[in-house]
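Below: one structure, written as structure tokens.
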Amino acid sequence: MVLLSKGIWKKASNLLCVVSVVFVTALFLFPFFWMFLNSFKRNVDITTYPPVWIFHPTLENFKTLFMEQDFVRFCLNSLLVALGATFLALASGTLAAYSIARFRQQRLSLLALSARIIPYISFLIPWFIFFSMLHLVDTHISLILTHTVITLPLSTWIMIGFFEDVPRELEDAGRIDGCSNITVFLRITLPLVTPGLVAASIFGFIFSWNNFMFALVLAGPNTKTVPLAVFHFISYGSLDWAGLNAAATAITLPALIFMLFIQKYLVKGLTMTGLKG
Amino acid sequence: MSEPRKKLTEFIDRNIKWIFPLPMLIIMAFLLFFPGLFNLYMSFQRWIPGKTPPIYFVGVKNYLHIFMGDTRFWNSIFRVFYFTALAVPLALVLGYLIANLFNREFKGKRIFRTLILLPMVGTPVAVALIWRLMYNPMLGIANYLLEIVRLPPSNWIGSQATVIPSLALVSIWQGTPLVMLIILAALQSLPSQFLEAAKLDGASYFQYVRHIQLPLIKPHIIVALIFRLIDSLKVFDIIFVMTRGGPGRASETLNLYTFLQAFFYFEIGYASALAVILFGMVLMINLILIRIRVRAWSY
């Protein structure tokens, strides 16, 4: 009898926990849900109080966004910058991470992390002066280079974790068979860390795509990225809240979908870097 | 393969330990190290646009003025600490509690864990705008929710008294998922025998948490604390988009003030000095924390 009631109590407490998990998750997702809902509203439905939950959905906001504005061009700018910065970081970060993981170079790993710690404003002023002198403000090159500062510590730290998991015995086996160190790295180790490369690319892409501060200073009419475009959306005094929600949804959605894709490597990637910023 | 090329390959092969990190070091030197030094150099100059050369040396005058005569600076320091004091401890406590909720097996655990992480990858500009709309005192949903639970409406980011707590709430929303993730990873590495052994010895769950669980996951809590502190002290995006330092200057933090000095007033030298101070502040706090738990980094 005692045992039975104990079992029931345990089940009940477990159920309570799962219910709380669902509740807390819903709470954290609410702003996204609200944004998503609002992006299908007409302006009259957004500007009513109390807020309406049931309304006649419209795709008009997205149509305006993609047809009448340069939104597609801004997306291409962001895409180019994010891909460039991710590629640079992946190429250099992976090599560095291999050396850090194999030869226990703690100092180098802290150096990579310093890019994550130092406030960006300390670099932004010199960058602005240099890039102005070189006539590189409002070019994709300056944005790609500066965004690399965000993606580099990320990809380095993610890759350190993945390289540390590759057993040394596998590499030694290759060496006994007469492979050089470079061949071992290219043929044995690198293929084993492919998931890490995917995770590092996706995180790099997301955080470069999200960056606002660098573009605010270094971008111009030719290179305006999506966060900057959405920001200008409000500063020019327009109060098109519905359009704004559509734009916000359009730029946030890629990151959210990517996250769902890399669930499996998420924990490793994120806890290794503590990223963002 | 030609002879010199073969030699080069062999040379690289023998020295991958320091040749592999070279590309990263070169990128960091040009993008971080030299600009950082230049920033320090600029902090002793005054920038006068249109003059050739546009800078002249003023020594420590910028710093003197900042520390002696700039109330806007002291206020911005106060605000960033106020913001941090609200945002960081709450994110840590919430993250810890949610991690405990997730620390068991149930159906759909992975999908919920992924979903709750989404706030940290949402584009900051976009989420700041969404929160701004939710905080709107006339038609935002925040006041509607207050009305439902019979609380008086708030002005949120519209009034000087509530703007920092309102911004801190957004930061907590963004930051809690990472804390939860780090602590959850730590909790899952604890063997379940510890809890059973503690129970056998007659310890209550609370005693287990206090004397066994918390001390064991302390390094991870410190890592989470460090990352939250860094992000809080240099918070920029959400404040710039939601209030641009307003109303008045009620949400002007040090990072924001530095940005305004540099790119709105074009006081480049003065802003560089402010940036050095912000850099020093972040560095000092981190060094103290790293000293507390050196090993916490390399887990």
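You will find that of B:V223, B:V235, the residue that is among the β-branched types (V, I, T) and either touching a His at 6+ places or on another chain (Cβ under 8 Å) or assigned to a loop (DSSP other than H, G, I, E, B) (or both) is B:V235 and no other. Residues in region B:75-110 that are among the polar types (S, T, N, Q), more than 25 Å from B:A186 (Cα to Cα) and open to solvent by less than 20 Å² (accessible area, probe 1.4 Å): 1 in all. Output yes when any residue across region B:228-247 is closer than 25 Å to B:A161 by Cβ, more than 10 Å from chain A (Cβ to nearest Cβ) and over 20 Å from the mean Cα position of the chain (by Cα), and no when none is. Yes: region B:228-247 contains one or more residues that are closer than 25 Å to B:A161 by Cβ, more than 10 Å from chain A (Cβ to nearest Cβ) and over 20 Å from the mean Cα position of the chain (by Cα). Determine if region B:98-121 includes at least one residue that is within 8 Å of another protein chain (Cβ to nearest Cβ), under 27 Å from the mean Cα position of the chain (by Cα) and not in a helix (DSSP H, G or I). Yes - at least one qualifying residue is present in region B:98-121. Restricting the search to helices (runs of 4 or more DSSP H) fully inside region A:77-184 and requiring at least 3 residues that are hydroxyl-bearing (S, T, Y) gives A:140-164. Restricting attention to region B:144-167 and to residues that are surrounded by 14 or more Cβ atoms within 10 Å (Cβ to Cβ) and among the β-branched types (V, I, T), the residue that is farthest from B:A128 (Cα to Cα) turns out to be B:T162. Say whether the condition of being open to solvent by 20 Å² or more (accessible area, probe 1.4 Å), more than 27 Å from B:L133 (Cα to Cα), touching a helix residue (DSSP H, G or I) at 6+ places or on another chain (Cβ under 8 Å) and not hydrophobic (A, V, I, L, M, F, W, C) is met by at least one residue in region B:231-248. Checked region B:231-248: no residue is open to solvent by 20 Å² or more (accessible area, probe 1.4 Å), more than 27 Å from B:L133 (Cα to Cα), touching a helix residue (DSSP H, G or I) at 6+ places or on another chain (Cβ under 8 Å) and not hydrophobic (A, V, I, L, M, F, W, C). Pairing each residue of region A:22-36 that is under 20 Å from B:N136 (Cβ atoms) with any residue that is surrounded by fewer than 21 Cβ atoms within 10 Å (Cβ to Cβ) and among the β-branched types (V, I, T), provided the two are 6+ apart or on different chains, yields C-beta distances under 8 Å for A:W34/B:I141. When region A:227-241 is filtered for residues that are at pLDDT below 90 and assigned to a helix (DSSP H, G or I), the ones remaining, listed by number, are A:A229, A:V230, A:F231, A:H232, A:F233, A:I234, A:S235, A:W241.
Checking B:N75, B:N62, B:N39 one by one, the residue that is outside any loop (DSSP other than H, G, I, E, B), in contact with a Phe, Trp or Tyr (Cβ under 9 Å, 6 or more places away or on another chain) and at pLDDT below 90 is B:N62 and no other.
Of the candidates A:F163, A:F123, A:F203, A:F131, the single residue that is open to solvent by 10 Å² or more (accessible area, probe 1.4 Å), touching a helix residue (DSSP H, G or I) at 6+ places or on another chain (Cβ under 7 Å) and not hydroxyl-bearing (S, T, Y) is A:F131. Consider region B:53-74 and keep the residues that are aromatic (F, W, Y) and open to solvent by 40 Å² or more (accessible area, probe 1.4 Å). The one that is nearest to B:F227 (Cα to Cα) is B:W74.
A quick yes/no check of all residues on (1) within 12 Å of another protein chain (Cβ to nearest Cβ); (2) under 27 Å from B:L37 (Cβ atoms):
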residue: A:E68; (1), (2): no, no
residue: A:S92; (1), (2): yes, yes
residue: A:L95; (1), (2): yes, yes
residue: A:R104; (1), (2): yes, no
residue: A:R107; (1), (2): yes, yes
residue: A:W127; (1), (2): yes, yes
residue: A:T151; (1), (2): yes, yes
residue: A:G161; (1), (2): yes, no
residue: A:V166; (1), (2): no, no
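If you filter region B:192-227 down to residues that are within 14 Å of another protein chain (Cβ to nearest Cβ) and of a type in the set (F, W, Y), you find that the one that is farthest from the chain's Cα centre (by Cα) is B:Y205.
The values are calculated or read from the model by the stated rules, or taken from the named source; none is laboratory data. A quick note: this is a predicted structure, and the numbers were derived from the prediction, not measured. Because the Cβ atoms are built from the backbone with ideal geometry, glycine has one as well, and the counts that use them run over all protein chains shown. Surface areas here come from the heavy atoms of the whole protein model, side chains and all, with no ligands, DNA or RNA. Shrake-Rupley method; radii C 1.70, N 1.55, O 1.52, S 1.80 Å.
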